[in-house]
Amino acid sequence: MTELLQHIVNTLILGSTYALLGIGLTLIFGIMRVVNFAHGELYSFGAYALYFVGVMLGLNFFLALIVAVVLGCFAGALIEVVLLRPMRGADIDTTMLVMIGAMIVMQNGEQFVWGGVAKSVSTPFPELPLVVGSISVSWLRLFVFCAALALIGVSYLLINRTKLGKAMRATFQDRDAAALMGVNIQFIYMATFAIGSSLAAAAGALLGPVYVISPQMGNLASLKAFAIVILGGLGSIGGATIGGFLLALAEELGAGYVSSGYRDAMGFLIIIAVLLFKPTGLFARAERIG
Amino acid sequence: MRRAHGLITGAALAAAMSTALVTGAAAQTIKIGVNEPLTGPFAASGTYVVNGAKIAADEINAKGGLLGRKIELVIEDNKSNPTEAAAVAEKLITGDKVPVIMGAWGSSLTLAVMPKLMEYKVPMVVETSSSSKITTSGNSYIFRISPPSSVEATEFKSIMPSLGIKKADFLVINNDWGRGSAEDFGKVMKAQNIQVGLVEIMDQAAQDMSAQLAKIKATDSDTIMVTTAVEQLTLVLKQAAALGITKRIVTTGGSQNPDQLIEQAGAAANGSMHLTTFAPWYPDKTPDPAATKYFLGEWKKRGYAIAGATESFRGYDGIRTIANAIQRAGKAEPAAITDALWTTDFAGLNGQIKFQKQGPAGKESGQSMPNLYLIKIENEKIVLSGS
């Protein structure tokens, strides 16, 4: 029983960061139709930004987190303007190749700048975990959980309660109609990519101190983000959130009770099942065609 | 004019050829192939090994080289990927014509290279890999200076009683190295009447081992045997501490880089124990203190992180082993080097390097038996607790 409780606590914490990654990608994927292979690299970008600002420049940990997210936002906007804008109108495969190229360049760039030795970031949180009964959680992870939930809430409000969000949703439903109604599509695309990127960077900056920061950290993050988007359905924030928690749950329970060797396979088994039985994802709204 | 030019060229050529005949040997270098992961998940470790190898090559060249020629390391990146490792071996052998290779860090990488060695009959000194399969699969071009997990486990037997282990769980990386360690250590423990509980596996790229650790936390074991490299080990120690696990953690495999663990895992590393084959913290306890001190001095002089020393010494010893064999072979040819490797006998940084035969009769691989040390991290300091 305590083991199960511990697994559930782990799931909640892991799931919150998976959700962040998933929301970032689902926005980009859903609204822009860009298969963003560089999503994981923005995740590691966030982590390295935190390392640079927090450790090398010595800024306060919480301020460094905010700076890392802002930098991620700028990096995303830059990628959109430089790489994606000229590709507008190109088919989905072409932009996909561009993003694969961006991923390779970013990952090797990280290795070039920071070297292959993993970096770690120390935090102001106590080393001793919080122990409740037989369950224990590190303070850092608890903070990550709260921060991730807050960011999920902010994204939800942004998409559903602001004018920008409304324009983004309109663009998602029908790009041409939105453009005809006076929505500045260029700006919406840039904003979408920047917001999606900053969420990935936030996930990286939050998880960087929990794990270690290395140039390869983005690979698995990318893969999982895609899994979550498929699970939750394209363009759905609620879906990505639930998808994130579901993936974490499948991994935790799979590793805990089935086999730890197949931990990462568990999530993908669920995805295969989803694709077989409900290919639009568990929570996708019907998409208007044309 | 044209004729005069031709004459001069001819004379110059003749002169060049005659000097080449006299000093031909010196003009040409002896190439040694180095097949290591310089990018990908093992980039840090592979780079350390290559840096160690360069120290050895510079040292040998400063003393005049081998057989009157300088040695040249042809370093190639296998990208931490078995397919690439095999391709790199092919390139080194057929493209660069190296007579001998050092590589390829990980067991899965080395295993992928091995058929190429058979195909081209070129020997390889294995500096890091520890899967038992490498020396028992009947490849007579393999000469390993790192301990396989079976040797590590056997040597651990004499250290075990002092730890008073009753029941152990395993947490190992999901590759030939990790699974091999769990098997070999499990066997030795069972023979000592120590119970073996869970054997949990973690993917090579996994960053979150909380699920496995939560499962291990709930068992009645007193010890967790962990096999993986430093990056993942850092995470295991941090996550175990976060889950409030108080069981003893013993790590195997020799790629723990304890100084890096202390730096990155902080207090979470306290109390953890590590089996290593090199003890740079106690140079006087190593088999050749002078060589150890020279190596460490050179390592520091080049500005490398000291945490890398426990990994890089393998590269240093690997190149010295190869150079030693070439010197005795009298020529830089694969067959002569293979023969000479069998009669190697000199003090490496981690023990006497001397190859014993292992594997099926007639096509044995060479295996050297290094020393083993058990160190413990106490108050973020390294303490030698057994050897």
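The values are calculated or read from the model by the stated rules, or taken from the named source; none is laboratory data. On a predicted model such as this, the values are computed, not experimentally measured, just so you know. We place every Cβ from the backbone using ideal geometry, glycine too, and count neighbours over all the protein chains shown.
Could you check the range A:246-261 and list, in sequence order, the residues that are more than 14 Å from A:Thr11 (Cα to Cα) and buried (at least 17 other Cβ atoms within 10 Å of the Cβ)?
A:Ser260, A:Gly261
Please list, ordered by first then second residue, the pairs with beta carbon atoms under 9 Å, 6 or more apart or interchain, first in the range B:35-62 and within 10 Å of B:Ser80 (Cα to Cα), second basic (Lys, Arg).
Once the first residue is within 10 Å of B:Ser80 (Cα to Cα) and sits in the range B:35-62, its partners that are basic (Lys, Arg) give B:Pro37/B:Lys79; B:Leu38/B:Lys79; B:Thr39/B:Lys79; B:Gly40/B:Lys79; B:Ala43/B:Lys79.
For a quick check of your reading: which helices (runs of 4 or more DSSP H) sit entirely within the range B:195-279 and have at least 3 residues that are under 29 Å from B:Arg314 (Cα atoms) and facing chain A (nearest Cβ under 7 Å)?
B:230-242
Within the range B:343-387, count every residue that is outside the structural domain of B:Glu311 (by TED's automatic domain parsing), among the small types (Gly, Ala, Ser) and free of Cβ contacts under 8 Å to residues at least 40 places away in the same chain.
Result for the range B:343-387: 0.
Return the residue satisfying two criteria in turn: it lies in the range B:59-82 and is under 19 Å from the mean Cα position of the chain (by Cα) and on the phi < 0 side of the Ramachandran plot, and of such residues it is farthest from the other protein chains (Cβ to nearest Cβ). Can you show your working first?
Applying the first criterion (under 19 Å from the mean Cα position of the chain (by Cα)) to the range B:59-82 yields B:73-82.
Next, only the ones that are on the phi < 0 side of the Ramachandran plot stay: B:73-78, B:81-82.
Details: B:Leu73: 19, B:Val74: 20, B:Ile75: 15, B:Glu76: 16, B:Asp77: 11, B:Asn78: 13, B:Asn81: 12, B:Pro82: 16 Å.
For the range B:59-82, the residue satisfying everything is B:Val74.
If we keep just the residues of the range B:257-295 that are small (Gly, Ala, Ser), surrounded by fewer than 17 Cβ atoms within 10 Å (Cβ to Cβ) and modelled with pLDDT of 90 or more, which is nearest to the chain's Cα centre (by Cα)? Before the answer, list the steps.
Filtering the range B:257-295 down to residues small (Gly, Ala, Ser) leaves B:265-269, B:271-272, B:279, B:290-291.
Checking which are surrounded by fewer than 17 Cβ atoms within 10 Å (Cβ to Cβ) leaves us with B:267, B:271, B:290.
Now drop any that are not modelled with pLDDT of 90 or more, which leaves B:271, B:290.
Working: B:Gly271: 26, B:Ala290: 21 Å.
If we take residues in the range B:257-295 being small (Gly, Ala, Ser), surrounded by fewer than 17 Cβ atoms within 10 Å (Cβ to Cβ) and modelled with pLDDT of 90 or more, then B:Ala290 is nearest to the chain's Cα centre (by Cα).
Restricting attention to the range A:123-142, which residues are in a loop (DSSP other than H, G, I, E, B) and surrounded by fewer than 15 Cβ atoms within 10 Å (Cβ to Cβ)?
Hits for the range A:123-142 are A:Pro124, A:Pro126, A:Leu128, A:Gly133, A:Ser134.
Return yes when B:Thr128 is surrounded by fewer than 18 Cβ atoms within 10 Å (Cβ to Cβ) and part of a loop (DSSP other than H, G, I, E, B) and no when it is not.
Considered against the rule, which asks whether it is surrounded by fewer than 18 Cβ atoms within 10 Å (Cβ to Cβ) and part of a loop (DSSP other than H, G, I, E, B), B:Thr128 comes out as no.
For B:Ile224, state whether it is within 29 Å of A:Ser214 (Cα to Cα), free of Cβ contacts under 8 Å to residues at least 60 places away in the same chain, over 21 Å from the mean Cα position of the chain (by Cα) and surrounded by fewer than 24 Cβ atoms within 10 Å (Cβ to Cβ).
no
Being in a helix (DSSP H, G or I), more than 9 Å from chain A (Cβ to nearest Cβ) and touching a residue at least 12 places away in the same chain (Cβ under 8 Å): is that true of B:Ser181 here?
Here the answer is yes, as B:Ser181 does meet what is asked.
Kindly evaluate B:Gly52 against the criterion of being modelled with pLDDT of 50 or more and under 20 Å from B:Lys91 (Cα atoms).
no
So which of B:Ala20, B:Ala14, B:Ala25 ends up being modelled with pLDDT of 50 or more and assigned to a helix (DSSP H, G or I)?
B:Ala14
Considering only the range A:28-122, give the helices (runs of 4 or more DSSP H) lying wholly within it that have at least 3 residues that are under 19 Å from the mean Cα position of the chain (by Cα) and within 14 Å of chain B (Cβ to nearest Cβ).
Correct list: A:39-50, A:92-114.
Looking at this structure, is A:Met1 without any contact (Cβ under 8 Å) to a residue 24 or more places away in the chain and away from chain B (no Cβ under 14 Å)? Break it down into steps so the answer makes sense when it comes.
Working: without any contact (Cβ under 8 Å) to a residue 24 or more places away in the chain: yes; away from chain B (no Cβ under 14 Å): no.
So A:Met1 fails the test.
If a residue must be of a type outside the set (A, V, I, L, M), under 19 Å from the mean Cα position of the chain (by Cα) and not in a strand (DSSP E or B), how many such residues does the range B:343-376 contain?
Looking only at that region, the number is 8.
Only residues that are within 16 Å of A:Ala273 (Cα to Cα), within 11 Å of another protein chain (Cβ to nearest Cβ) and within 19 Å of the chain's Cα centre (by Cα): list them for the range A:237-259, please.
A:Leu249, A:Ala250, A:Glu251
Can you give me the number of residues within the range A:213-267 that are closer than 27 Å to A:Gly109 by Cα and of a type in the set (Gly, Ala, Ser)?
Number satisfying all stated conditions: 6.
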